[in-house]
Amino acid sequence: MTSPNTVSATPRFAIAILAAGKGTRLKSKAPKVLHQIGGLPLVAHVIRAASAVVAASDIYCIVGHQAEQVRQAVSGYGVGFVEQPEQLGTGHAILQCRQALAAYDEVLVLSGDVPLIRPETIARLRDFQRARRAAMTILTAAPPDPFGYGRIVRGSAASDSDEVEAIVEQKSLAPAQAEIGEINSGIYAFQVDTLYRYIDRLGTDNPHHEFYLTDLAGILRRAGETVLALKAADSSEVLGVNTRAELAALDAILRVRKTAQLMAGGVTIFQPESCVIDPDVEIGPDTVIGPFVQLLGSTTIGGDCRIDSFSVLTNMRLGDGVTVRHGCILEDSVVERAAMLGPYCHIRPASHIGEGAHVGNFVETKKTTLGRGSKANHLTYLGDAEIGEDVNVGAGTITCNYDGVNKHKTVIGDGAFIGSDTTLVAPVYVAEGAYVGAASCITEDVPADALAVARGPQVNKAGWARKRREKLKREAEKRS
Ligand code: UD1
Ligand code: CA
């Protein structure tokens with residue numbers, strides 16, 4: 001039980017995420033924070049990091065430009081939203097949160113376009129701000145190129161002082177200040193009551209005529225409040241995205257982090273810089289990934305697998321020892337252990353490839369189960385099909401699953417043999433152990449262990465070809 005007078009009660013802590021801006025410098029019709037790196041919108045990375053520190057119900061995403069689109073894109077995370085109908089600057093954005101934050105003691109402000117921030121750094125900033133009882137703490141860094149960022153004007157030259165005098169935006173830098181290498185990350189911690197006591201003092205006397213949140217550093221300082229800087233351990237963590245080039249650079253950083261993590265876990269990746277692997281992908285040890293492979297979404301791959309170049313796997317689940325040869329496109333499906341795929345196969349959603357099954361070149365599956373040990377090795381389409389174990393599907397087999405209006409199912413029993421160039425007009429059932437002669441058009445069910453042949457009988461006309469040759473020769477002689 002905590003008594004109402006307990007001074008040591010944990011402060012109520014919220015996180016606000018700035019995500020209302022347009023992102024003019026991207027020259028895009030989509031809002032900046034929905035541009036993706038590592039397969040996720042920028043703002044989703046920020047929300048995920050924030051969610052590792054506080055409950056989603058204590059996170060407020062400030063939306064404005066194309067607000068509805070942004071809301072929808074991140075609705076699954078369960079965070080709250082605050083509207084900034086007109087985007088009059090970062091200070092104006094935080095002003096909109098006054099009501100939402102009334103119930104909190106502290107707020108940490110994150111930028112929707114600073115996506116590589118780590119949960120540990122958020123927690124460190126919160127704890128530092130709390131311990132030092134500062135009105136505002138700014139997360140800072142010294143990246144190799146500070147151009148474009150707001151710079152930190154320190155209060156004292158003393159090296160052990162972390163007091164800040166002001167933040168000066170790039171466009172307003174005095175010549176001497178252009179030398180400052182310490183930048184504002186756009187990430188801050190505030191005492192909520194102090195923040196809103198002074199926020200009305202923000203003005204728009206700057207090149208963009210916007211309310212800059214950064215001006216609060218100087219305002220609080222002049223009012224005698226404590227404003228501190230906390231340096232990020234890793235400056236790459238606070239890099240922002242304002243341009244397409246920065247978007248690509250940050251995506252590359254995420255990809256390098258991911259491949260390094262996988263390799264440390266026992267996965268071989270050749271030419272890792274050529275591979276595109278999303279953050280949530282999991283891979284077991286001794287799996288070998290060739291160059292130019294893309295592993296996307298929630299893909300999980302077992303151990304001892306091999307994924308060759310130019311294969312793209314999206315939301316796939318692969319068991320141990322699976323081989324995916326070159327150029328396969330696989331999505332939203334399951335492949336059981338020791339199966340062999342490709343080269344050049346297309347596994348479309350809701351396929352289930354059984355243990356040890358083979359899916360060869362130019363074979364497409366969709367909503368299809370291929371049982372254990374079954375083979376479809378060449379030039380085949382299997383849609384809406386349920387295929388048992390140890391079935392041989394000959395080259396060029398097609399399930400005709402669509403009648404122009406509805407989809408129908410093809411069922412093939414264990415041990416059946418489907419000859420090459422068979423068309424299976426669904427709905428149709430080929431029972432266990434049946435044998436379908438090549439080039440058959442199967443429109444009716446085939447009983448177990450039966451032979452089905454459904455093609456025109458062959459006719460041989462003796463001497464026909466020779467007679468034709470002779471006739472053509474006579475005609476040619478007549479003409480000359
Ligand atoms: C901002 C900081 C700068 C810092 C940099 C770090 C200001 C004035 N400057 O500059 O000191 O070095 O971030 O990356 O804050 N936004 C809103 N509503 C608005 C305007 C912006 O929600 O009215 C959001 C944007 O969507 C973005 C974030 O705030 O996510 C930052 O805005 P942006 O315009 O990118 O600021 P910078 O110029 O990068
Ligand atoms: Ca920015």
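Under 5 Å between amide hydrogens, built in the peptide plane, is the criterion, and for Ser111 it picks out Leu18 among residues at least 5 positions away or on other chains. The relative contact order of the chain comes to 8 percent, based on Cα pairs under 8 Å that sit 6 or more residues apart. Net charge in the neighbourhood of Thr300 (other residues with Cβ under 10 Å of its Cβ; Lys, Arg +1, Asp, Glu -1) is -1. Structural descriptor for segment 374-480: relative contact order 18 percent, calculated from alpha carbon pairs under 8 angstrom and at least 6 residues apart. Per residue, the convex hull spanned by the Cα atoms of segment 331-418 measures out at 73 cubic angstrom. Listed by number, the DSSP H helices of the chain that run 15 Å or longer by alpha-carbon position along their axis and have mean Kyte hydropathy of at least 0.0 are 244-264.
Working ranking of peptides 144-151, 176-183 by packing, defined as the average number of other Cβ atoms within 10 Å per residue, highest first, is 144-151, 176-183.
Heavy-atom accessible surface of segment 143-263, averaged per residue, reaches 48 Å², computed with a 1.4 Å probe.
On the protein heavy atoms, probe 1.4 angstrom, tell me the percent of accessible surface of the chain carried by carbon and sulfur. If you can, show how the numbers build up before the last one.
On the way: 11960 of 23080 Å².
Percent of accessible area from carbon and sulfur atoms in the chain: 52.
The calculated pair-distance distribution of segment 164-277 uses every alpha carbon pair, bins of 10 angstrom beginning at 0, and gives 10, 30, 28, 16, 12, 3 percent. Rounded, prolate or oblate: which fits the chain when a ≥ b ≥ c are the square roots of the eigenvalues of the alpha-carbon gyration tensor, with rounded for a/c under 1.5 and prolate only if a/b beats b/c? Prolate. Checked against a 23 Å cut-off, the cross-linked pairs Lys366/Lys409; Lys27/Lys258; Lys27/Lys171; Lys32/Lys171; Lys22/Lys171 give Cα-Cα distances beyond that limit for Lys27/Lys258. Once C-alpha pairs closer than 8 Å and six or more residues apart are averaged by separation and normalised to the residue number of segment 244-295, the relative contact order reads 36 percent.
Taking other residues whose beta carbon is less than 13 angstrom from the beta carbon of Ala20, and scoring Lys, Arg as +1 and Asp, Glu as -1, yields -2. The phi torsions of segment 348-353, fed into the Karplus equation with coefficients 6.51, -1.76 and 1.60 and a -60° offset, translate into couplings of 8, x, 6, 9, 9, 9 Hz, rounded to whole numbers, with Gly and Pro shown as x.
Separation of segment 73-108 from segment 10-61 is 11 Å, based on Cα centroids. Using only the Cα atoms of segment 138-219, build the gyration tensor, take square roots of its eigenvalues as a ≥ b ≥ c, and label the shape rounded, prolate or oblate: rounded if a/c is under 1.5, else prolate if a/b is larger than b/c, else oblate. Taking the square roots of the gyration eigenvalues as a ≥ b ≥ c, segment 138-219 is oblate. Kirkwood-type hydrodynamic radius, segment 71-182: 16.7 Å, calculated from all non-identical alpha-carbon pairs. Across the protein chains, with a 1.4 Å probe defining accessible surface, the residues Tyr196, Tyr77 rank Tyr77, Tyr196 from largest area downward.
Each peptide in 321-329, 453-461 was scored by the mean count of other Cβ atoms within 10 Å over its residues; highest first, the order is 321-329, 453-461.
Rounded to the nearest Hz, the phi-derived 3J(HN,Hα) couplings of segment 400-416 under the Karplus curve 6.51 cos²θ - 1.76 cosθ + 1.60 (θ = phi - 60°) are 8, 8, 10, 9, x, 10, 10, 9, 10, 9, 10, 10, 10, x, 4, x, 6, where x marks glycine and proline.
Bridges between two residues of the chain, per DSSP, are antiparallel at a rate of about 20%. Think of segment 97-139 as having a plus end and a minus end, set by charges on the Cβ of Lys, Arg, Asp and Glu; of Val107, Ala135, Ile122, Ala135 sits farthest toward the positive end of this dipole. Projected onto their three principal axes, the Cα atoms of segment 58-136 cover extents of 38, 24, 22 Å, largest first.
Quick one: Karplus J couplings for segment 284-299, per residue in order, coefficients 6.51, -1.76, 1.60, θ = phi - 60°, nearest Hz, x for Gly and Pro? Result, ordered by residue: x, x, 6, 7, 10, 10, x, x, 6, 9, 10, 10, 10, x, 9, 4 Hz. The charge dipole of segment 210-354, taken about its Cα centre with unit charges on the Cβ atoms of Lys, Arg (+1), Asp and Glu (-1) only, comes to about 120 debye. Between the alpha-carbon centres of segment 127-156 and segment 280-333 there is a gap of 42 Å. With the highest mean first, a sort of the peptides 422-432, 230-240 on other beta-carbon atoms found within 10 angstrom per residue produces 422-432, 230-240.
Here the chain is treated with +1 on each Lys and Arg Cβ and -1 on each Asp and Glu Cβ, and its dipole about the Cα centre works out to around 1960 debye.
Could you please report the charge total around Leu247, scoring K, R as +1 and D, E as -1 over all other residues with beta-carbon less than 14 angstrom from its beta-carbon? Could the numbers behind the result be given before it?
Numbers: positive: Arg25, Lys27, Lys32, Arg244, Arg255; negative: Asp113, Glu246, Asp251.
Counting the neighbours of Leu247, the net charge comes to +2.
Between amide H atoms placed 1.01 Å from N, distances below 5 Å from Arg154 occur with Glu165, all of them 5 or more places distant or on a separate chain.
Divided by 2.2 N^0.38 Å, where N counts the residues, the Cα radius of gyration of segment 235-359 comes to 1.08.
The values are calculated or read from the model by the stated rules, or taken from the named source; none is laboratory data. What you see is a predicted model, and the numbers here were worked out from it, not measured in a lab. Cβ: placed from backbone, ideal geometry, glycine included. Neighbour counts: every protein chain shown. Surface accessibility is based on the protein's heavy atoms, side chains included, excluding ligands, DNA and RNA. Shrake-Rupley method; radii C 1.70, N 1.55, O 1.52, S 1.80 Å.
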